[in-house]
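Taking it in order: structure first as structure tokens, then the write-up.
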Amino acid sequence: MLRSMILCAGLAIAACGNALAQSPQQVVDLPTRAGVTQRLLVLEPATPAKAVVLNFAGGHGGLQIDPSGAIAWGEGNFVVRTRKLFAEQGLVVVVVDAPSDKQSSPFLSGKRQIPEHAADIGATMTWARKKYQLPVWLVGTSRGTQSVAYLATELQGTDGPDGIVLTSSIATDPKGRSVNAMALDKIRIPVLVVHHEQDGCSLCAFGDAQAIVPKLVNAPRKQLLSFSGGVSRGDPCEAMAYHGFNGLDAEVVRQIAAWIVAP
């Protein structure tokens, strides 16, 4: 009996390994504007997909993904390091790099709320819908929330996302337009705000993040999902601090995915 159980366990592990092997990362260079391509790192789930998520890293957003799928910067960023966890929840994951004309410093810094960014991601959403025939959501973290919230205010209807997720939102920004300062009343899709109650980044205080949801007056579905605990290391505005949900990856991703696919 014990030998049989060990054999079954071994087969289960092998099956799991095979399932993961069927979902390799793919690099896609998508033409978006004249002479410009948008590089994407795509992971497909081993099970039938339920939705597509476009994941936007924080910081300057220049992941510098090479043709093999290796990431030069930002591998530890919350929505980058958790890409396999999102795929395990039955989601097609598209990690978004800076476009080809912004592949050097300052990358996307100061360029997340401009028409060119909307054009690049609009084309990316069109590609994803055509390829997968599934709802397309935008998921941003930290500076990535400035991309996602802006895109949701600018691209709407069939040109826009089916929903957005804002994690560790830039809620105040003395040098730019924060999520709270955007025309959030223009958003008419579901919005999930995810934040750590102990976020120590000065631009992302939990109290300021709480003010986002009441401004989503026309969103048909909205919620603040808060977390506490985990591990905080280093710079409070970086991914290994509470700001990046360090130590809570699996649970945060599980709850985000469940919210996305809920009826």
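Helix by helix, which DSSP H runs in the chain go 24 Å or more along their axis at the Cα atoms and have an average Kyte-Doolittle hydropathy of 0.0 or more? Spell out each step's value before the answer.
On the way: long enough: 2-21 (28 Å, 1.61); 115-132 (25 Å, -0.81).
Counting only whole DSSP H runs, the qualifying helices are 2-21.
What whole-number distance in Å separates the alpha-carbon centres of region 203-226 and region 69-90?
Cα centres, region 203-226 to region 69-90: 25 Å.
Quick one: P(r) of region 54-115 from all Cα-Cα pairs, 10 Å bins, percents rounded to integers, in order of increasing distance.
23, 52, 23, 2
Pick out, in residue order, every one of the GluC sites (Glu not before Pro) in region 53-150 that is DSSP loop and has at most 13 other C-beta atoms within 10 Å; say none if there are none.
Taking region 53-150 and a limit of 13 other Cβ atoms within 10 Å, the loop GluC sites (Glu not before Pro) found are 75.
Connecting C-alpha atoms closer than 10 Å in a GNM of the chain, tell me which of 97, 208, 199 has the biggest fluctuation.
208
If the cut-off is 22 Å between C-alpha atoms, which lysines fall inside it for residue 131, apart from same-chain ones fewer than 8 positions away?
50, 84
Taking the alpha carbon gyration tensor of the chain, what are the square roots of 5 times its eigenvalues, largest first, to the nearest whole Å?
Three semi-axes, in Å: 29, 22, 19.
Which distance in nm do the two modelled labels at residue 126 and residue 251 give, with both placed 7 Å along the Cα-to-Cβ direction?
Output for this residue pair reads 4.3 nm.
Considering Cα pairs under 8 angstrom that are at least six residues apart, work out the relative contact order of region 134-255 and quote it in whole percent.
That works out to 21 percent.
Run the numbers for residue 225 and residue 175: contour at 0.36 nm per residue of separation, minus the present Cα-Cα distance, in nm.
Between residue 225 and residue 175, full extension yields an extra 15.3 nm.
Quick one: net charge around residue 63, please, counting Lys, Arg +1 and Asp, Glu -1 for every other residue with C-beta under 12 Å from its C-beta.
For residues surrounding residue 63, the net value is +1.
Once label points are set 7 Å from the Cα along Cα→Cβ at both residue 116 and residue 235, what is their separation, rounded to one decimal in nm?
Using points 7 Å along Cα→Cβ, the separation is 2.4 nm.
Run the numbers for residue 185 and residue 28: contour at 0.36 nm per residue of separation, minus the present Cα-Cα distance, in nm. Each step should come with its number before you reach the end.
Details: separation 157, 0.36 × 157 = 56.52 nm, distance 3.37 nm.
This chain segment gains 53.2 nm when fully extended.
Where Lys and Arg each count +1 and Asp and Glu each count -1, what net charge lies around residue 217 among other residues with Cβ under 14 Å from its Cβ?
+4
If each residue of separation counts as 0.36 nm, what is the full-extension length gain between residue 101 and residue 68 once their alpha-carbon separation is subtracted?
Numbers: separation 33, 0.36 × 33 = 11.88 nm, distance 1.99 nm.
Result for the pair: 9.9 nm of gain on full extension.
Projected area of region 116-261, taken from the Cα convex hull and averaged over every viewing direction, in nm²? Before the final figure, lay out the partial values.
Values: hull surface 33.8 nm².
Convex hull of Cα atoms, orientation-averaged projection: 8.5 nm².
Select from 152, 49, 87 the residue whose mean-square fluctuation is largest in a Gaussian network model of the chain (Cα-Cα springs shorter than 10 Å).
49
Residue 215: which lysines have alpha carbons under 20 Å from its alpha carbon, excluding same-chain residues fewer than 8 sequence positions away?
Qualifying lysines at Cα under 20 Å: 186.
Can you list residues whose amide H is under 5 Å from residue 196's amide H, if they're 5+ apart or on another chain and H is modeled 1.01 Å from N?
Sorted by chain and number, the residues that satisfy this are 168, 227.
Using a Gaussian network model on the chain with a 10 Å cutoff between Cα atoms, which of 108, 225, 54 fluctuates the most?
Of 108, 225, 54, the Gaussian network model singles out 225 as fluctuating most.
Readers should treat all values here as calculations from the given coordinates under stated rules, not as data from a laboratory. Bear in mind that the values here come from a model prediction, so they are computed numbers and not experimental data. All Cβ positions, even for glycine, are placed from backbone atoms using ideal geometry, and neighbour counts span all protein chains on display.
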